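Data block below; observations after.
The values are calculated or read from the model by the stated rules, or taken from the named source; none is laboratory data. A quick note: this is a predicted structure, and the numbers were derived from the prediction, not measured. Positions of Cβ are backbone-derived with ideal geometry, glycine not excepted, and every protein chain shown enters the neighbour counts. Accessible surface is based on the protein model in full, side chains and every heavy atom, while ligands, DNA and RNA are left aside. Shrake-Rupley method; radii C 1.70, N 1.55, O 1.52, S 1.80 Å.
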Amino acid sequence: MTWLHQIIGPDDGTASIAQFCARAAILFAYGLLCIRIAGRRTFSDLSPLDIIVSIVVGSNISRTMTGRAPFVPTLAATLVLVLLHRLVVMRRCGRTSCRCSPRAGRRC
């Protein structure tokens, strides 16, 4: 883990410019991964649960970016939240890929 801390810097907000740039690149890829896992439903229907998960994920990523939250534990907790959200959506829809939308006349 020391190599990771050399790349991303300390979690107290005192990282160098290069370390903040490394954090930005890593978090951009991580954000794309979270969006892929959560699916389009999170951003198309925006149920109350979807809004809460989106806000929490964005908040966690921003706190990780600025070094105000531990990097790896925060990303792990965020991934768990996104996976739980996906499982709830899948259970609600009754299949592995939920493409329900109110515009199509189907609700999950």
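On a per residue basis, the convex hull of the C-alpha atoms belonging to segment 1-73 measures out at 84 Å³.
The listed residues Ser47, Ser16, once ranked by accessible area (1.4 Å probe) with the largest placed first, stand as Ser16, Ser47. The solvent-accessible area of Phe28, taken with every protein chain present and a 1.4 Å probe, is close to 140 Å². Spin-label pair Leu84-Ala18: with each label point 7 Å from Cα along the Cα-Cβ axis, the two points sit 3.9 nm from one another.
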